[in-house]
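One structure is given here, and the rest of the page talks about it.
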Amino acid sequence: MQIRFEKKLEPSRKMLFATPILVVVLTMILGAIVFSILGYDGLGAVREIFLTPLTNSLKWQDLAVKAAPLIIIGVGLSIGYRANVWNIGAEGQYIAGGLAATGMALLTHNMSGWYLLPLMGVAGMLGGMAWVFLPALLRTKLKVNEILTSLMLTYVAIQLLNYLIFGPWKSPTAFGQPQTVLFNDWQILPYIIKGTIVQAGAPIAVLIAIMAWIIMSKSVFGFQVRTVGSAPNAARYGGFSENKTIWLVLLISGGLAGLAGMLEVAGPFNRMVPQFPTSYGFTAIIVAFLGRLHPIGVLIAGVVLAITFVGGEIAQTTIGLPNAAVGLFQAMMLFLLLAGDVLVRYNIKIVRARRA
Amino acid sequence: MNIDLTIAIIITMVGASTPLLLAALGELVVEKSGVLNLGVEGMMLTGAVVGFAVTYTTGNPWLGILAAGFAGACVSMIFAFLTLSLFANQVATGLALTIFGAGFSALFGQSFTGKPIKLFKSIFPDYLTEHPILKVFFDHSPLVYFSLFMVFAVSYFLHKTRAGLVLRAVGENDHSAHSIGYSVIKVRYGAVGFGGMMAGIGGACFPLLLTPQWVEGLTGGRGWIALALVVFSAWKPTRLLAGAYLFGLIATMEVYAKAAGGGFRIIPSELWASLPYLATILVLVLISMRHKMSSSAPACLGKPFISSN
């Protein structure tokens with residue numbers, strides 16, 4: 001007896017949407033088992049990481065704060081991945097965006113007015129785009145693999161951050177702490193619900209996901225991206241320029257990652273600090289896949305991953321689970337999702353072995 | 001430049017190159033079989049933390065290296081199962097493996113953070129390792145000699161043995177290899193496992209050879225540089241040796257520039273620290289300008305193999 005895989009003519013839509021749900025449930029079961037084996041309270045870990053953030057209404061605002069950057073970056077990445085363009089250096093573009101926004105904030109520090117935040121937003125997007133410019137140029141001109149170049153630049157972005165806040169941007173009043181000055185009141189995101197920590201980042205994230213959904217499903221650009229990704233020959237025949245598509249999707253993903261960086265530095269941080277790289281850019285890769293590279297899926301997946309982040313913090317204080325455990329849960333989720341893809345694309349048949 | 005400094009730089013350079021060389025050699029074999037495993041960084045982190053933990057607990061670095069190789073091979077099997085048996089996307093699965101390795105090593109290594117071990121130094125007698133000139137040959141960790149041996153072992157295996165020929169055939173034309181009776185999937189499982197072992201041992205070089213402690217994210221992206229080196233080498237083990245040593249030299253320059261001070265101070269240390277990553281990009285550019293990468297890459301690289309019967 002042997003198992004045989006037969007490629008389906010078309011990916012199963014039912015499975016496409018069912019597998020992510022199945023994957024989250026399986027991650028909880030597998031996680032409970034693995035963490036019990038590792039000597040932790042496995043069931044407690046799953047309860048605290050996946051359920052407490054939902055049942056405890058005090059934690060909902062934390063979810064909104066954490067989900068926003070994941071969704072914004074995830075939407076951008078998913079558009080690129082649709083076109084088979086693998087930008088995995090979103091973390092670097094996020095940092096570059098945060099730095100560009102910080103630069104703008106420092107430049108306009110003695111000014112006031114509503115226009116300061118939009119200026120910082122534009123700076124953030126341009127910063128993110130600048131960080132993806134080189135990978136895009138090299139990919140389109142010289143066919144240099146964008147995976148490695150975008151990732152290498154992430155490490156450079158971290159060094160640049162350190163250089164700036166230990167050097168020229170260091171606040172003179174921070175008693176030697178490596179950080180910039182606090183942004184002024186016009187440079188900090190407004191709170192959208194009084195008395196909570198939810199700032200403008202959350203509604204912007206929802207808006208971006210909806211806009212991306214409309215653009216990807218209704219516009220020629222969306223069709224172009226999907227065709228270049230799934231049928232490059234047909235795209236060429238149809239007159240879509242592959243290089244132009246690569247440029248566009250990279251600039252979009254870099255710009256969105258940069259915007260997320262701006263929203264973080266002008267939001268929860270209020271200044272640039274060494275702790276700014278929070279690996280949102282890497283986690284957003286999981287978000288993009290869990291959301292099936294669909295903007296609305298990414299929106300939901302962003303909340304799911306935010307739950308694990310918030311839950312990880314809860315589990316740290318309540319049952320003493322190390323924070324790194326969350327990363328393991330997230331990786332397990334991605335593994336299971338990739339394994340589940342086989343159900344989407346293949347018919348699995350069990351057949352009697354034939355002697356050759 | 002005086003001779004003592006030159007020798008000191010060479011010894012540091014060789015040490016810094018060794019983890020890159022080991023991990024890249026493993027990945028070279030994996031890619032020769034037609035599989036692209038982007039999880040090198042994750043497997044290196046796994047090897048680094050397991051190698052540290054076993055060395056710390058047993059006091060025996062040899063056991064640490066064995067355990068690191070074994071751990072690397074184990075986690076590589078997750079990748080192999082997903083991509084070879086379930087046809088999952090190799091790029092995404094490799095990324096997942098890196099995220100997994102980062103999470104696992106951070107969790108597993110937490111109780112070992114800040115604890116010291118002894119560096120795994122040369123096992124030659126003192127009169128050789130302390131000799132002002134001869135130490136350039138003898139003052140190296142056994143891991144260094146192992147990595148050099150593996151360059152020639154891998155080269156010999158790929159080009160002079162039957163098994164190596166089969167592995168290359170599987171990477172160049174999987175369906176032909178299958179039709180004359182070789183199991184494509186088995187060969188690729190073996191290659192991925194070897195790559196995992198080498199990445200694991202490469203990871204163990206960090207605590208055993210470079211910084212005798214465990215900190216989160218110890219490998220600092222060197223796994224990705226190893227991947228770039230494979231491209232740089234045009235899939236040739238001996239050219240890989242040159243590439244790895246070139247990168248080791250760049251990493252060493254950072255250390256010595258910081259120590260030397262003086263004129264080097266003009267360049268901020270962050271720029272020195274960025275150099276290996278910028279050099280990687282530069283190298284990728286130079287390669288693609290010189291020749292089309294596709295000409296030397298294994299023809300089936302990254303494509304899943306689905307047997308038709």
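FYI, it's all coordinate maths here, none of it is from the lab. This structure is a prediction, so every number in the text was calculated from the model and none was measured. We place every Cβ from the backbone using ideal geometry, glycine too, and count neighbours over all the protein chains shown.
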Handout entry: Computed FRET value (nearest 0.05) for A:I197 with A:K170, which takes r as the C-beta separation and R₀ as 25 Å
Key = 0.40
Fill in the blank from the handout: Here, B:N2 and A:T55, labelled 7 Å along Cα→Cβ, have an inter-label distance in nm of 7.1
Completion exercise
Residues B:I225, A:I88 in order from fewest to most other beta-carbon atoms within 10 Å are A:I88, B:I225
Fill in the blank from the handout: 1/(1 + (r/R0)^6) with r = Cβ-Cβ of B:S269 and A:I296, R0 = 45 Å, i.e. FRET efficiency to nearest 0.05, evaluates to 0.50
Exercise for the section: Per DSSP H run of n ≥ 4, the term is -39500 (n - 2.57); total these for chain A, divide by its residue number, and report the mean residue ellipticity at 222 nm rounded to 500 deg cm²/dmol. Expected result: -22500 deg cm²/dmol
Completion exercise
Links exceeding 22 Å between C-alpha atoms in this model, out of A:K8/B:K303; A:K143/B:K160; A:K8/B:K186; B:K32/B:K186; A:K143/B:K303, come to A:K143/B:K160; A:K8/B:K186
Fill in the blank from the handout: Between the modelled labels at B:I306 and B:L134 (7 Å from Cα along Cα→Cβ) the distance in nm is 6.3
Problem - Sequence of A:F17, B:F120 once ranked by neighbouring C-beta atoms within 10 Å, starting from the fewest - result: A:F17, B:F120
Handout entry: Pairwise FRET efficiency - B:R239 versus B:T113, Cβ, R0 = 41 Å, nearest 0.05
Key = 0.65
Problem - aspartates and glutamates whose Cα lies under 20 Å from that of B:K236, excluding same-chain neighbours fewer than 8 positions away - result: B:E27, B:E31, B:E172
Completion exercise
Residues meeting the amide H criterion for A:Q199 (H placed from the backbone, H to H distance under 5 Å, 5 or more places apart or on another chain) are A:I192
Handout entry: Relative contact order (%) - chain B, alpha-carbon pairs under 8 angstrom, separation at least six
Key = 36
Completion exercise
Any lysines whose Cα falls less than 25 Å from that of B:K118, other than same-chain ones fewer than 8 residues away, would be B:K135, B:K258
Exercise for the section: Return the aspartates and glutamates within reach of A:K349: Cα separation strictly under 16 angstrom, same-chain partners fewer than 8 residues apart disregarded; answer none if there are no such residues. Expected result: A:E6, A:D341
Completion exercise
For segment A:2-351, the dipole about the Cα centre with charges only on Cβ (Lys and Arg +1, Asp and Glu -1), to the nearest 20 debye, works out at 1060
Fill in the blank from the handout: Listed with the fewest Cβ neighbours within 10 Å leading, A:I300, A:I73, A:I95 appear as A:I300, A:I95, A:I73
Completion exercise
Quick calc: nm separation of the 7 Å Cα→Cβ label points for B:V255 and B:T211 -> 1.2
Practice task
Under a 10 Å cutoff between Cα atoms, tell me which one of B:A92, B:A204, B:A169 has the largest fluctuation in the Gaussian network model of chain B.
Solution key: B:A92
